[in-house]
Amino acid sequence: MKLCVIMLLIAAQINALNLEQMLADAALRYDLDAAQAVVTALGDSQENLPTAEGALLHAEALLLVAELNRIDFEQRPDSATKERRLLGKRIDAAAKQGLAQAAALPDSTEKFRLRADLIGTMIRSQYRAGKWKGKMKAAIEAALKLDPDNAKAYVSRAKLYVFKPTPSEEDLRQGLNWIAQAQQRDPVLESAALLQARTYMLQGRTEEAEARWRRCVEINPTCAPALNALAD
């Protein structure tokens, strides 16, 4: 019996490494189907042999699913009501599952950063901002308290301003300030460059936005949002 448990643990570790690589590849390519496949595989493995490492990877995979659906949501015109409603349901389902996985993790800067970003995918209206903004902000503060150099958490803080339903010029300026903080800590953080490009577009600074899209492609040649923006 003891040998069986050891073999299961070894198999779980090997499987986790494979799934971790699959998830990294899915994120690099912005591949929703691959991300969803990792979520499905992790769901099965967690039922058989739950581990903290598996829960963390599961939360990361669910965040990627939520974020990729959110990118699709943002690209749809407001008139595409049916499609946006369906995407919204998919985003919320993945985010809530991710929050459940994250809640089971021991406290860490990444746990709280994941929580913040999962909540952020669900903020898509003024009503939702009122419901979730405080929880997102608290998670960001907890992440940065544990690690003031967590670059991704600074991007999360910038999202609080840039992703407001109707951001003001001051909101966008604040967002750029937090993005700069992230880039000081990680100059090749793709999410920071992407959010910077989006912010410049919202400000009407198209040439600067294009430069940041190109920077995204330098960081990741398969960065789909940047490639799509440059192709338009």
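The values are calculated or read from the model by the stated rules, or taken from the named source; none is laboratory data. On a predicted model such as this, the values are computed, not experimentally measured, just so you know. Ideal geometry is used to build each Cβ from the backbone, glycine not excepted, and the neighbour counts take in all protein chains shown.
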If you check residue 81 against the conditions, is it at pLDDT 95 or above and surrounded by fewer than 16 Cβ atoms within 10 Å (Cβ to Cβ)? yes
Based on this model, can you work out whether residue 62 counts as part of a helix (DSSP H, G or I), at pLDDT 95 or above and surrounded by fewer than 22 Cβ atoms within 10 Å (Cβ to Cβ)? no
Would you check if there is a residue in region 163-175 being over 15 Å from the mean Cα position of the chain (by Cα) and among the aromatic types (Phe, Trp, Tyr)? no
Is it the case that region 152-167 has a residue that's at pLDDT below 95, within 27 Å of residue 201 (Cβ to Cβ) and among the charged types (D, E, K, R)? yes
Within the group 32, 23, which residue is crowded, with 18+ Cβ neighbours inside 10 Å and at pLDDT 90 or above? 23
Pairs, first touching a residue at least 12 places away in the same chain (Cβ under 8 Å) in region 112-130, second among the β-branched types (Val, Ile, Thr), C-beta under 6 Å, six or more apart: 116/140; 121/91; 129/123
Pairs with Cβ under 7 Å, 6+ apart, first in region 185-198 and closer than 18 Å to residue 29 by Cβ, second in a loop (DSSP other than H, G, I, E, B): 190/220; 190/223
Test: residue in region 96-117 that is more than 13 Å from the chain's Cα centre (by Cα) and aromatic (Phe, Trp, Tyr): no
Is region 201-220 home to any residue that is at pLDDT 95 or above, at negative phi and in contact with a Lys or Arg (Cβ under 7 Å, 6 or more places away or on another chain)? no
Just to be sure I understand the filter: pairs with C-beta atoms under 8 Å, separated by 6 or more residues or on different chains, first member in region 19-41 and without any contact (Cβ under 8 Å) to a residue 40 or more places away in the chain and on the phi > 0 side of the Ramachandran plot, second member basic (Lys, Arg) and surrounded by 15 or more Cβ atoms within 10 Å (Cβ to Cβ). Which pairs pass? none
Can you find a residue that is without any contact (Cβ under 8 Å) to a residue 40 or more places away in the chain, touching a Gly at 6+ places or on another chain (Cβ under 9 Å) and either farther than 18 Å from residue 159 by Cα or in a loop (DSSP other than H, G, I, E, B) (or both) anywhere in region 44-52? yes
For residue 51, all conditions in the list (1) within 26 Å of residue 142 (Cα to Cα); (2) modelled with pLDDT under 95; (3) crowded, with 18+ Cβ neighbours inside 10 Å hold save one; what is the number of the exception? (3)
